[in-house]
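Peer 1: Pasting in a structure now, in C-alpha coordinates, and then I'll have a few things to ask.
The values are calculated or read from the model by the stated rules, or taken from the named source; none is laboratory data. Everything numeric here is computed off the predicted structure, so don't read it as measured data. Reconstructed Cβ throughout: ideal geometry from the backbone, glycine too, with neighbour counts over all protein chains shown. SASA here: full protein model, heavy atoms, side chains in, ligands and nucleic acids out. Shrake-Rupley method; radii C 1.70, N 1.55, O 1.52, S 1.80 Å.
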Amino acid sequence: MAGIKDVAAAAGVSVATVSRALNDHPSVSEEARGRVLAAVEALGYHPNVVARSLRTDQTRTLGLVTSDLLNPYFTELTRSVEEQARALGYSVIIGNADERPELQDHYIRTLLDRRIDGLLVAPTDGGSPLMLDAVREGTPMVFVDRWIPGIEVPVVRADGRAAVRDLVAHLHGLGHRKLAIIAGPAVTTTGRERVEAFRDALGEYGLALPESYIGQGDFQADSGRRATERFLDLPEPPEIVFAADNLMALGALDAIRARGLRVPRDIGLAAFDDIAWFIHTDPPITAIAQPTEELGRAAVRALVDRIAGRPAESVALPARLIVRRSCGEPALEQRSDS
(Lines give C-alpha, C1' and ligand atoms only; values in the text may rest on other atoms or scores of the structure.)
Protein backbone atom coordinates (compact mmCIF):
# COMPACT_ATOMS: atom_id res chain seq x y z
CA MET A 1 0.00 0.00 0.00
CA ALA A 2 1.38 3.41 -0.98
CA GLY A 3 2.37 5.82 1.76
CA ILE A 4 2.83 9.56 1.93
CA LYS A 5 6.54 9.21 1.15
CA ASP A 6 5.67 7.38 -2.09
CA VAL A 7 3.33 10.21 -3.08
CA ALA A 8 6.04 12.78 -2.34
CA ALA A 9 8.57 10.90 -4.46
CA ALA A 10 6.15 10.50 -7.39
CA ALA A 11 5.15 14.17 -7.28
CA GLY A 12 8.72 15.40 -6.83
CA VAL A 13 7.91 17.32 -3.65
CA SER A 14 8.56 16.98 0.07
CA VAL A 15 6.36 15.02 2.46
CA ALA A 16 5.44 18.33 4.10
CA THR A 17 4.26 19.70 0.74
CA VAL A 18 2.08 16.61 0.21
CA SER A 19 0.53 17.15 3.62
CA ARG A 20 -0.06 20.84 2.97
CA ALA A 21 -1.52 20.14 -0.50
CA LEU A 22 -3.97 17.57 0.88
CA ASN A 23 -5.05 20.07 3.51
CA ASP A 24 -5.48 22.90 0.96
CA HIS A 25 -2.83 25.06 2.56
CA PRO A 26 -2.58 28.37 0.65
CA SER A 27 1.22 28.19 0.52
CA VAL A 28 1.09 25.34 -2.03
CA SER A 29 1.07 26.43 -5.67
CA GLU A 30 -1.66 25.16 -7.98
CA GLU A 31 0.99 23.41 -10.09
CA ALA A 32 2.40 21.53 -7.08
CA ARG A 33 -1.07 20.70 -5.79
CA GLY A 34 -1.94 19.27 -9.19
CA ARG A 35 1.15 17.02 -9.18
CA VAL A 36 0.33 15.80 -5.68
CA LEU A 37 -3.31 15.01 -6.55
CA ALA A 38 -2.19 13.21 -9.72
CA ALA A 39 0.25 11.10 -7.68
CA VAL A 40 -2.44 10.33 -5.09
CA GLU A 41 -4.76 9.14 -7.86
CA ALA A 42 -2.09 7.10 -9.65
CA LEU A 43 -0.82 5.37 -6.50
CA GLY A 44 -4.21 4.89 -4.90
CA TYR A 45 -2.98 6.58 -1.73
CA HIS A 46 -5.52 6.66 1.10
CA PRO A 47 -4.58 8.91 4.03
CA ASN A 48 -5.42 7.81 7.53
CA VAL A 49 -8.48 10.01 7.87
CA VAL A 50 -9.09 9.30 11.54
CA ALA A 51 -5.53 10.10 12.59
CA ARG A 52 -5.42 13.21 10.41
CA SER A 53 -8.75 14.49 11.71
CA LEU A 54 -7.41 14.26 15.25
CA ARG A 55 -4.33 16.27 14.24
CA THR A 56 -5.97 18.87 12.04
CA ASP A 57 -9.61 18.89 13.22
CA GLN A 58 -10.57 18.09 9.60
CA THR A 59 -12.27 14.96 8.25
CA ARG A 60 -11.78 15.67 4.52
CA THR A 61 -15.52 15.12 4.19
CA LEU A 62 -18.13 17.41 2.64
CA GLY A 63 -21.86 17.25 3.13
CA LEU A 64 -24.33 17.73 0.27
CA VAL A 65 -28.03 18.18 0.95
CA THR A 66 -29.77 18.01 -2.41
CA SER A 67 -33.39 18.86 -3.10
CA ASP A 68 -34.45 15.73 -4.99
CA LEU A 69 -32.14 12.96 -6.23
CA LEU A 70 -34.92 11.57 -8.45
CA ASN A 71 -34.75 14.80 -10.45
CA PRO A 72 -32.23 14.17 -13.27
CA TYR A 73 -30.87 17.71 -12.87
CA PHE A 74 -29.89 17.11 -9.24
CA THR A 75 -28.59 13.63 -10.07
CA GLU A 76 -26.18 15.14 -12.58
CA LEU A 77 -25.28 17.95 -10.20
CA THR A 78 -24.52 15.46 -7.42
CA ARG A 79 -22.27 13.43 -9.69
CA SER A 80 -20.34 16.55 -10.64
CA VAL A 81 -19.94 17.51 -6.97
CA GLU A 82 -18.62 14.05 -6.12
CA GLU A 83 -16.13 14.04 -8.99
CA GLN A 84 -14.73 17.47 -8.14
CA ALA A 85 -14.56 16.69 -4.43
CA ARG A 86 -12.70 13.45 -5.10
CA ALA A 87 -10.22 15.29 -7.30
CA LEU A 88 -9.50 17.64 -4.38
CA GLY A 89 -9.11 14.82 -1.88
CA TYR A 90 -12.56 14.97 -0.25
CA SER A 91 -15.36 12.46 0.22
CA VAL A 92 -19.03 13.48 0.05
CA ILE A 93 -21.93 12.37 2.25
CA ILE A 94 -25.27 12.98 0.54
CA GLY A 95 -28.68 13.69 2.05
CA ASN A 96 -31.76 13.70 -0.20
CA ALA A 97 -34.34 16.17 1.12
CA ASP A 98 -37.01 15.02 -1.38
CA GLU A 99 -38.27 18.65 -1.52
CA ARG A 100 -39.27 18.38 2.17
CA PRO A 101 -37.95 21.05 4.59
CA GLU A 102 -38.11 18.71 7.59
CA LEU A 103 -35.93 16.13 5.79
CA GLN A 104 -33.55 18.89 4.74
CA ASP A 105 -33.00 19.94 8.35
CA HIS A 106 -32.71 16.33 9.48
CA TYR A 107 -29.82 15.74 7.09
CA ILE A 108 -28.14 19.03 7.92
CA ARG A 109 -28.24 18.15 11.62
CA THR A 110 -26.93 14.65 10.91
CA LEU A 111 -24.07 15.90 8.74
CA LEU A 112 -23.02 18.51 11.28
CA ASP A 113 -22.96 15.80 13.97
CA ARG A 114 -20.57 13.82 11.76
CA ARG A 115 -18.07 16.70 11.81
CA ILE A 116 -18.05 17.40 8.09
CA ASP A 117 -15.61 20.11 7.01
CA GLY A 118 -18.19 22.02 4.97
CA LEU A 119 -21.73 21.90 3.65
CA LEU A 120 -23.31 22.32 0.22
CA VAL A 121 -27.07 22.88 0.22
CA ALA A 122 -29.76 23.26 -2.45
CA PRO A 123 -32.49 24.60 -0.11
CA THR A 124 -36.02 23.23 -0.34
CA ASP A 125 -37.64 26.30 1.21
CA GLY A 126 -37.09 29.97 1.88
CA GLY A 127 -35.87 29.80 5.46
CA SER A 128 -34.08 27.49 7.86
CA PRO A 129 -33.03 28.62 11.36
CA LEU A 130 -30.78 25.56 11.54
CA MET A 131 -28.74 26.69 8.52
CA LEU A 132 -28.53 30.22 9.84
CA ASP A 133 -27.26 28.91 13.19
CA ALA A 134 -24.70 26.71 11.44
CA VAL A 135 -23.30 29.68 9.51
CA ARG A 136 -23.18 31.82 12.65
CA GLU A 137 -21.23 29.05 14.40
CA GLY A 138 -18.64 29.06 11.63
CA THR A 139 -19.61 26.08 9.47
CA PRO A 140 -18.31 26.69 5.92
CA MET A 141 -21.35 26.61 3.66
CA VAL A 142 -22.21 27.23 0.01
CA PHE A 143 -25.66 27.30 -1.59
CA VAL A 144 -25.96 25.61 -4.98
CA ASP A 145 -28.80 26.17 -7.51
CA ARG A 146 -31.05 27.82 -4.89
CA TRP A 147 -30.36 30.08 -1.96
CA ILE A 148 -31.98 31.60 1.12
CA PRO A 149 -32.05 35.40 1.26
CA GLY A 150 -30.56 36.71 4.47
CA ILE A 151 -28.00 33.92 4.91
CA GLU A 152 -24.72 35.43 3.74
CA VAL A 153 -22.86 32.57 2.08
CA PRO A 154 -21.66 32.17 -1.52
CA VAL A 155 -24.29 31.06 -4.04
CA VAL A 156 -23.38 29.00 -7.10
CA ARG A 157 -26.26 28.97 -9.57
CA ALA A 158 -27.37 29.32 -13.15
CA ASP A 159 -28.76 32.63 -14.36
CA GLY A 160 -31.73 31.71 -16.51
CA ARG A 161 -33.21 35.14 -17.17
CA ALA A 162 -31.54 35.66 -20.54
CA ALA A 163 -32.46 32.14 -21.64
CA VAL A 164 -36.11 32.65 -20.62
CA ARG A 165 -36.09 35.90 -22.60
CA ASP A 166 -34.67 33.99 -25.57
CA LEU A 167 -37.41 31.39 -25.22
CA VAL A 168 -40.20 33.98 -25.20
CA ALA A 169 -38.65 35.74 -28.21
CA HIS A 170 -38.49 32.39 -29.99
CA LEU A 171 -42.14 31.58 -29.21
CA HIS A 172 -43.26 35.04 -30.22
CA GLY A 173 -41.41 34.65 -33.50
CA LEU A 174 -43.33 31.41 -34.13
CA GLY A 175 -46.59 33.36 -33.74
CA HIS A 176 -47.58 32.19 -30.26
CA ARG A 177 -49.30 34.71 -28.00
CA LYS A 178 -51.07 32.61 -25.33
CA LEU A 179 -48.24 31.40 -23.12
CA ALA A 180 -48.69 29.67 -19.75
CA ILE A 181 -46.21 28.58 -17.10
CA ILE A 182 -46.11 25.78 -14.54
CA ALA A 183 -44.22 27.44 -11.70
CA GLY A 184 -42.11 25.87 -8.99
CA PRO A 185 -42.80 26.48 -5.29
CA ALA A 186 -42.96 30.18 -4.46
CA VAL A 187 -40.91 29.53 -1.29
CA THR A 188 -37.87 28.66 -3.44
CA THR A 189 -35.77 31.28 -5.17
CA THR A 190 -35.82 29.34 -8.45
CA GLY A 191 -39.60 29.00 -8.28
CA ARG A 192 -40.05 32.76 -7.94
CA GLU A 193 -37.26 33.80 -10.30
CA ARG A 194 -38.48 31.76 -13.29
CA VAL A 195 -42.02 33.14 -13.06
CA GLU A 196 -40.70 36.69 -12.76
CA ALA A 197 -38.37 36.20 -15.72
CA PHE A 198 -41.22 34.76 -17.81
CA ARG A 199 -43.60 37.60 -16.92
CA ASP A 200 -40.94 40.24 -17.64
CA ALA A 201 -40.11 38.67 -20.99
CA LEU A 202 -43.77 38.56 -21.99
CA GLY A 203 -44.09 42.22 -21.06
CA GLU A 204 -41.37 43.12 -23.55
CA TYR A 205 -43.79 41.97 -26.29
CA GLY A 206 -46.86 43.58 -24.75
CA LEU A 207 -48.18 40.23 -23.55
CA ALA A 208 -49.75 39.64 -20.14
CA LEU A 209 -49.49 36.61 -17.88
CA PRO A 210 -53.01 36.17 -16.47
CA GLU A 211 -53.44 34.22 -13.23
CA SER A 212 -55.30 31.51 -15.14
CA TYR A 213 -52.09 30.88 -17.10
CA ILE A 214 -49.98 30.33 -13.97
CA GLY A 215 -50.06 26.75 -12.68
CA GLN A 216 -48.62 26.17 -9.21
CA GLY A 217 -46.31 23.20 -9.15
CA ASP A 218 -43.82 21.65 -6.75
CA PHE A 219 -41.04 20.49 -9.11
CA GLN A 220 -42.69 17.03 -9.25
CA ALA A 221 -44.34 15.34 -12.25
CA ASP A 222 -47.79 15.03 -10.66
CA SER A 223 -48.04 18.79 -10.18
CA GLY A 224 -47.15 19.33 -13.84
CA ARG A 225 -49.88 16.93 -14.83
CA ARG A 226 -52.52 18.64 -12.66
CA ALA A 227 -51.59 22.14 -13.80
CA THR A 228 -51.75 21.13 -17.46
CA GLU A 229 -55.13 19.47 -17.01
CA ARG A 230 -56.42 22.76 -15.60
CA PHE A 231 -54.95 24.70 -18.54
CA LEU A 232 -56.65 22.34 -20.99
CA ASP A 233 -60.02 22.84 -19.27
CA LEU A 234 -59.91 26.64 -19.73
CA PRO A 235 -62.32 28.24 -22.24
CA GLU A 236 -59.20 29.52 -24.00
CA PRO A 237 -56.37 27.07 -23.36
CA PRO A 238 -52.81 28.36 -23.87
CA GLU A 239 -50.92 27.71 -27.07
CA ILE A 240 -47.72 26.91 -25.15
CA VAL A 241 -47.07 25.45 -21.70
CA PHE A 242 -43.67 26.33 -20.23
CA ALA A 243 -42.78 24.01 -17.34
CA ALA A 244 -40.27 25.48 -14.90
CA ASP A 245 -38.46 22.17 -14.44
CA ASN A 246 -38.02 18.87 -16.26
CA LEU A 247 -40.22 16.64 -14.08
CA MET A 248 -43.16 19.03 -14.33
CA ALA A 249 -42.64 19.05 -18.11
CA LEU A 250 -42.91 15.26 -18.22
CA GLY A 251 -46.10 15.48 -16.17
CA ALA A 252 -47.45 18.06 -18.60
CA LEU A 253 -46.64 15.76 -21.52
CA ASP A 254 -48.54 12.92 -19.83
CA ALA A 255 -51.60 15.14 -19.35
CA ILE A 256 -51.58 16.28 -22.98
CA ARG A 257 -51.32 12.73 -24.30
CA ALA A 258 -54.01 11.48 -21.90
CA ARG A 259 -56.45 13.86 -23.62
CA GLY A 260 -55.57 12.41 -27.01
CA LEU A 261 -53.80 15.63 -27.98
CA ARG A 262 -50.51 15.94 -29.84
CA VAL A 263 -47.49 18.16 -29.23
CA PRO A 264 -47.10 20.61 -30.93
CA ARG A 265 -50.14 20.20 -33.21
CA ASP A 266 -52.66 20.90 -30.44
CA ILE A 267 -50.50 22.56 -27.80
CA GLY A 268 -46.79 23.33 -27.50
CA LEU A 269 -44.48 22.43 -24.62
CA ALA A 270 -41.18 23.88 -23.41
CA ALA A 271 -39.16 23.21 -20.27
CA PHE A 272 -36.57 24.65 -17.94
CA ASP A 273 -33.81 22.09 -17.12
CA ASP A 274 -32.86 20.13 -20.20
CA ILE A 275 -32.38 16.38 -19.70
CA ALA A 276 -31.10 13.62 -21.97
CA TRP A 277 -34.60 12.17 -22.38
CA PHE A 278 -35.93 15.26 -24.13
CA ILE A 279 -34.21 14.45 -27.42
CA HIS A 280 -35.95 11.04 -27.44
CA THR A 281 -39.53 12.25 -26.99
CA ASP A 282 -41.77 12.69 -30.03
CA PRO A 283 -41.30 15.51 -30.82
CA PRO A 284 -38.03 16.41 -29.04
CA ILE A 285 -38.69 19.07 -26.39
CA THR A 286 -37.42 22.64 -26.63
CA ALA A 287 -35.70 23.38 -23.33
CA ILE A 288 -33.44 25.66 -21.33
CA ALA A 289 -30.23 23.90 -20.33
CA GLN A 290 -28.28 24.70 -17.20
CA PRO A 291 -24.47 24.22 -17.07
CA THR A 292 -24.91 21.49 -14.47
CA GLU A 293 -21.42 19.99 -14.46
CA GLU A 294 -19.79 23.41 -14.23
CA LEU A 295 -22.09 24.35 -11.35
CA GLY A 296 -21.12 21.27 -9.37
CA ARG A 297 -17.41 21.87 -9.87
CA ALA A 298 -17.67 25.58 -9.03
CA ALA A 299 -19.67 24.83 -5.87
CA VAL A 300 -17.05 22.42 -4.54
CA ARG A 301 -14.20 24.82 -5.32
CA ALA A 302 -16.02 27.62 -3.51
CA LEU A 303 -16.65 25.42 -0.48
CA VAL A 304 -13.04 24.21 -0.31
CA ASP A 305 -11.92 27.84 -0.45
CA ARG A 306 -14.20 28.62 2.49
CA ILE A 307 -12.84 25.67 4.44
CA ALA A 308 -9.27 26.84 3.81
CA GLY A 309 -10.11 30.38 4.90
CA ARG A 310 -9.79 31.78 1.40
CA PRO A 311 -12.35 34.22 -0.03
CA ALA A 312 -15.09 32.67 -2.17
CA GLU A 313 -17.40 34.69 -4.40
CA SER A 314 -20.87 33.84 -5.64
CA VAL A 315 -21.03 32.45 -9.17
CA ALA A 316 -23.84 32.84 -11.74
CA LEU A 317 -23.33 30.88 -14.96
CA PRO A 318 -25.60 31.49 -17.96
CA ALA A 319 -28.25 28.98 -18.99
CA ARG A 320 -28.99 28.57 -22.71
CA LEU A 321 -31.97 27.85 -24.92
CA ILE A 322 -31.96 24.64 -26.98
CA VAL A 323 -34.49 24.77 -29.80
CA ARG A 324 -36.06 21.48 -30.85
CA ARG A 325 -39.57 20.84 -32.24
CA SER A 326 -42.11 20.81 -29.41
CA CYS A 327 -43.38 24.36 -30.01
CA GLY A 328 -44.14 24.11 -33.73
CA GLU A 329 -40.60 24.82 -34.95
CA PRO A 330 -39.81 23.99 -38.56
CA ALA A 331 -37.61 20.90 -38.74
CA LEU A 332 -34.76 22.85 -40.34
CA GLU A 333 -34.64 25.21 -37.33
CA GLN A 334 -33.64 22.46 -34.92
CA ARG A 335 -30.22 23.11 -33.44
CA SER A 336 -27.58 20.66 -32.35
CA ASP A 337 -27.41 19.73 -28.66
CA SER A 338 -23.64 19.38 -28.83
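Peer 1: Count the DSSP beta bridges whose two residues both fall in the chain, then state the antiparallel fraction as a percent rounded to the nearest 5.
Peer 2: 10
Peer 1: Do me a favour and compute the ellipsoid semi-axes for segment 1-153 from its Cα gyration tensor, root of five times each eigenvalue, largest one first, whole Å.
Peer 2: They are 32, 16, 13 Å, listed largest first.
Peer 1: Using Cα atoms only, what is the angle between the long axis of helix 221-232 and the major principal axis of the chain, expressed in degrees (0 to 90) to the nearest 10?
Peer 2: So the helix axis and the longest Cα principal axis differ by about 20 degrees.
Peer 1: Kindly give Rg over Rh for segment 197-331, based on alpha-carbon atoms, with the Kirkwood expression for the hydrodynamic radius.
Peer 2: Checking Rg against Rh, the ratio lands at 1.07.
Peer 1: Could I ask something else about it? Along the principal axes of its C-alpha atoms, what lengths does the chain span, in descending order and rounded to whole Å?
Peer 2: Here the Cα extents, ordered largest to smallest, are 73, 44, 34 Å.
Peer 1: Run the accessible area of the chain with a 1.4 Å probe and give the carbon-and-sulfur part as a rounded percent.
Peer 2: That fraction is 51 percent.
Peer 1: As an exercise, identify the GluC sites (Glu not before Pro) in segment 160-235 lying in DSSP coil whose Cβ has no more than 15 other Cβ atoms within 10 Å.
Peer 2: Of the GluC sites (Glu not before Pro), the ones in loops of segment 160-235 whose Cβ has at most 15 other Cβ atoms within 10 Å are 204.
Peer 1: Kindly express, to the nearest 10 degrees and within the range 0 to 90, the angle between helix 246-258's C-alpha long axis and the longest C-alpha principal axis of the chain.
Peer 2: 30
Peer 1: Here's a follow-up. Quick one: accessible area per residue over the chain, 1.4 Å probe, rounded to a whole number of Å²?
Peer 2: Counting only protein heavy atoms, the per-residue value for the chain is 45 Å².
Peer 1: Across the Cα atoms of segment 140-200, what radius of gyration and what greatest pairwise Cα-Cα distance (Dmax) are found, in Å?
Peer 2: Taking only Cα atoms of segment 140-200, I get Rg and Dmax of 14.2, 49 Å.
Peer 1: With bins 10 Å wide starting at 0, give me the P(r) of segment 109-260 over every alpha carbon pair, in whole percents.
Peer 2: All Cα pairs, binned at 10 Å, distribute as 11, 34, 28, 17, 9, 1 percent.
Peer 1: While we're looking at this one, here's another question. Rounded to the nearest Å, what's the spacing between the alpha carbon centres of segment 235-297 and segment 126-205? Just the number, please.
Peer 2: 18
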